[in-house]
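Asks: The structure is given below, and queries will be raised subsequently.
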Amino acid sequence: MTRPRLPDEGAIVAIVGGGFGGLTVAKKLKDCPARVVMFDRTNHHLFQPLLYQVATATLAPGDIAAPIRQVLASHNNTIVILGEVDNVDADNKTLYIHGHEMKFDYLVLATGAKHSYFGRNDFSRNAPGMKALADATHVRARILKAFEIAESELDTSKHAEYLTFVLVGAGPTGVEMAGAIAELRRFTLRKEFRNIDPRWARIILIEGGPRILGPFDESLSRKAHQHLEDMGVQVITGKRVEEVDESGVIVDGQRIATRTVIWTAGVEPSPAAKWLKAETDRSGRVKVLPDCSVPGHPDIFVIGDTASFEENGHPLPGVAQVAMQQGRYVAKVIKARLTNSAVPEPFKYMDIGSMAVIGRGFAVLEWGKIKLSGYFPWLIWATIHLAYLAAFGNRLRVMTQWAWTYFTRASGSRLIVEPEKEPPHTEL
């Protein structure tokens with residue numbers, strides 16, 4: 001039995017971006033009388049909150065990603081296109097993809113965000129960030145190679161620069177990454193080297209603001225700070241990175257010698273606003289109406305990290321829960337219009353709290369007036385992250401690996417995988 005073809009009739013709903021928001025829209029339009037077309041530059045949905053665990057060798061890349069086609073395999077009204085949208089003609093309802101064009105009736109832009117170097121894009125060469133699987137495997141290779149190079153370096157005076165890891169930005173990603181490297185150094189690698197002791201490694205977390213985890217309550221920030229220091233992480237706050245090069249960073253006029261710098265400081269939205277010629281906030285995110293549509297274009301919706309949606313006078317944060325809830329809402333709006341049903345009330349975000357995990361068995365959680373730290377929030381964090389992985393196989397693998405790592409402190413994903421400079425020649 002062959003899979004039915006995409007319907008020949010019906011409104012075309014184009015979704016650009018297979019992240020949390022875009023994939024949620026597609027899943028919720030399964031039984032909708034429309035032709036749904038999903039575009040993404042990669043063939044997989046990525047669970048970005050766990051990228052740092054790939055970068056620190058706890059999980060393998062395939063553990064946190066699932067092919068979009070697999071996730072939507074049972075959606076007979078949906079087609080998945082591997083391709084990158086170049087532009088949008090909002091007035092004529094046209095998408096441009098690699099020189100081709102496609103008309104649409106409804107458009108959902110869920111194009112996410114990329115690293116922001118705050119005007120210093122030259123930092124990117126020596127301070128990679130993490131937004132894709134390739135980024136995480138690149139960072140993993142840099143971290144693991146630092147230990148390998150130090151092990152074989154005969155000049156012991158150079159060990160310090162190879163075994164110093166600097167993270168720039170102490171939001172959830174930076175804090176989680178610092179904690180994971182600290183555990184890798186302290187437990188996972190400590191018996192595997194002969195000429196160096198991995199516990200010599202120095203981990204420095206730099207934050208330009210007055211404290212780490214700025215959006216969290218100050219009490220949780222202090223507890224996270226203390227826990228990081230207890231793990232051996234040096235935390236520097238109130239100082240900014242002024243220069244980054246291949247041999248180190250300059251912070252407040254002082255040079256720190258290091259061969260491994262990781263950028264965890266910030267993001268900037270996709271160029272969706274330029275495509276739409278739409279009004280933006282200071283960060284470049286598209287200002288949307290209460291139904292997540294673009295002013296003047298009721299059939300074009302922007303959600304997730306690309307959208308600036310104000311609630312109670314403040315824009316919603318760029319987190320997965322916002323994107324997913326907006327995705328569910330926009331799918332309801334599109335369904336209602338296509339079936340001539342009552343359109344739902346304006347979108348309202350339901351805050352389920354903010355969390356950050358710091359190593360094994362410790363996390364901070366803030367939900368309204370509830371502020372928790374320690375082991376229990378860590379269990380909540382683990383449960384929620386397992387539940388939101390896109391495929392059952394991912395959940396099973398991650399749960400198994402986490403259990404193994406928790407009880408043994410071992411990691412099975414310490415592979416240094418880098419592309420060859422030149423492909424090998426094969427003689428026929």
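The values are calculated or read from the model by the stated rules, or taken from the named source; none is laboratory data. The structure presented is a predicted model; accordingly, all values stated were derived computationally and were not measured. So basically every Cβ, Gly included, is an ideal-geometry build from the backbone, and we count neighbours across all protein chains shown. All accessible areas refer to the heavy atoms of the entire protein, side chains included, with ligands and DNA or RNA removed. Shrake-Rupley method; radii C 1.70, N 1.55, O 1.52, S 1.80 Å.
Asks: Quick check on the chain: of the DSSP beta bridges with both residues there, what percent are antiparallel, nearest 5%?
Replies: Antiparallel bridges: around 50 percent, rounded to the nearest 5.
Asks: Give the average over all directions of the projected area of the C-alpha convex hull of segment 327-401, one decimal, in nm².
Replies: With every direction weighted equally, the projected area is 7.1 nm².
Asks: Set Lys and Arg Cβ to +1 and Asp and Glu Cβ to -1, take the dipole of the chain about its Cα centre, and tell me which of Val71, Thr260, Gly19 lies farthest positive.
Replies: Of the options given, the answer is Val71.
Asks: On full extension of the chain, what length is gained from Lys191 through Glu9, given 0.36 nm per residue of separation minus the C-alpha to C-alpha distance?
Replies: 59.2 nm
Asks: Just going by the charge dipole of segment 334-401, with Lys and Arg at +1 and Asp and Glu at -1 on Cβ, which of Ala390, Gly353, Val364 is farthest out on the positive end?
Replies: Ala390
Asks: Can I ask one more? Under 8 Å for C-alpha pairs, at least 6 residues apart: give me the relative contact order for the chain, rounded to a whole percent.
Replies: 20 percent
Asks: Using only the Cα atoms of segment 25-167, build the gyration tensor, take square roots of its eigenvalues as a ≥ b ≥ c, and label the shape rounded, prolate or oblate: rounded if a/c is under 1.5, else prolate if a/b is larger than b/c, else oblate.
Replies: prolate
Asks: Shape of segment 1-103 from its Cα gyration tensor (a ≥ b ≥ c, root eigenvalues): rounded if a/c is under 1.5, otherwise prolate when a/b > b/c, or oblate?
Replies: oblate
Asks: What fraction of the Cα pairs in segment 218-261, stated in percent, has a spacing above 15 angstrom?
Replies: The proportion of pairs with Cα distances above 15 Å equals 55 percent.
Asks: Further question: For the chain, report the accessible area per residue in Å² (1.4 Å probe, heavy atoms, rounded to an integer).
Replies: Result: 50 Å² of accessible area for each residue.
Asks: Loop sites only, by DSSP: take the trypsin sites (Lys or Arg not before Pro) in the chain that have at most 12 other C-beta atoms within 10 Å and name the longest stretch containing none of them.
Replies: After excluding every exposed loop site, the longest remaining stretch is 6-190.
Asks: For an R0 of 25 angstrom, estimate the FRET efficiency from the Cβ-Cβ distance between Glu268 and Asp89 and round to the nearest 0.05.
Replies: About 0.60, to the nearest 0.05.
Asks: Along Cα→Cβ, 7 Å out, is where each label goes; now give me the distance between the ones at Thr408 and Glu345 in nm to one decimal.
Replies: Those two pseudo-labels are separated by 5.2 nm.
Asks: Now, a different point. I need the P(r) histogram for segment 135-246: all alpha carbon pairs, bin width 10 Å from 0 out to the longest distance, whole percents.
Replies: 13, 44, 32, 10, 1
Asks: Now a separate question. Given the C-alpha atoms of segment 102-142, compute the convex hull and give its volume per residue in Å³.
Replies: Spread over its residues, the Cα hull of segment 102-142 gives 119 Å³ apiece.
Asks: Can you give me the span-like helices of the chain, meaning DSSP H runs with 15 Å or more of Cα extent along the axis and Kyte-Doolittle mean at or above 0.0?
Replies: Span-like helices here: 133-152, 172-183, 320-338, 375-388.
Asks: Work out the charge dipole of the chain with +1 on the Cβ of Lys and Arg and -1 on the Cβ of Asp and Glu about the Cα centre, then indicate which of Ala323, Leu379, Leu184 is farthest towards its positive end.
Replies: The residue sitting most towards the positive pole is Leu379.
Asks: Keeping the other protein chains in place, figure out the carbon and sulfur percent of the accessible area of segment 254-333, with a 1.4 Å probe.
Replies: 51 percent
Asks: Per Stokes-Einstein, at 10 °C and 1.306 mPa s, what whole-number D in µm² s⁻¹ belongs to the chain, with the Kirkwood radius over Cα pairs as the hydrodynamic radius?
Replies: 69 µm²/s
Asks: Using only the alpha carbons, work out the radius of gyration and Dmax of segment 273-351 in angstrom.
Replies: Just the Cα atoms of segment 273-351 yield Rg and Dmax of 12.2, 37 Å.
Asks: Given charges of +1 on the Cβ of Lys and Arg and -1 on the Cβ of Asp and Glu, with all other atoms neutral, how large is the dipole of the chain about its Cα centre, in debye to the nearest 20?
Replies: 1060 debye
Asks: Need one word for segment 195-273: rounded, prolate or oblate. Basis is the Cα gyration tensor (sqrt eigenvalues a ≥ b ≥ c); a/c below 1.5 gives rounded, then a/b vs b/c decides.
Replies: oblate
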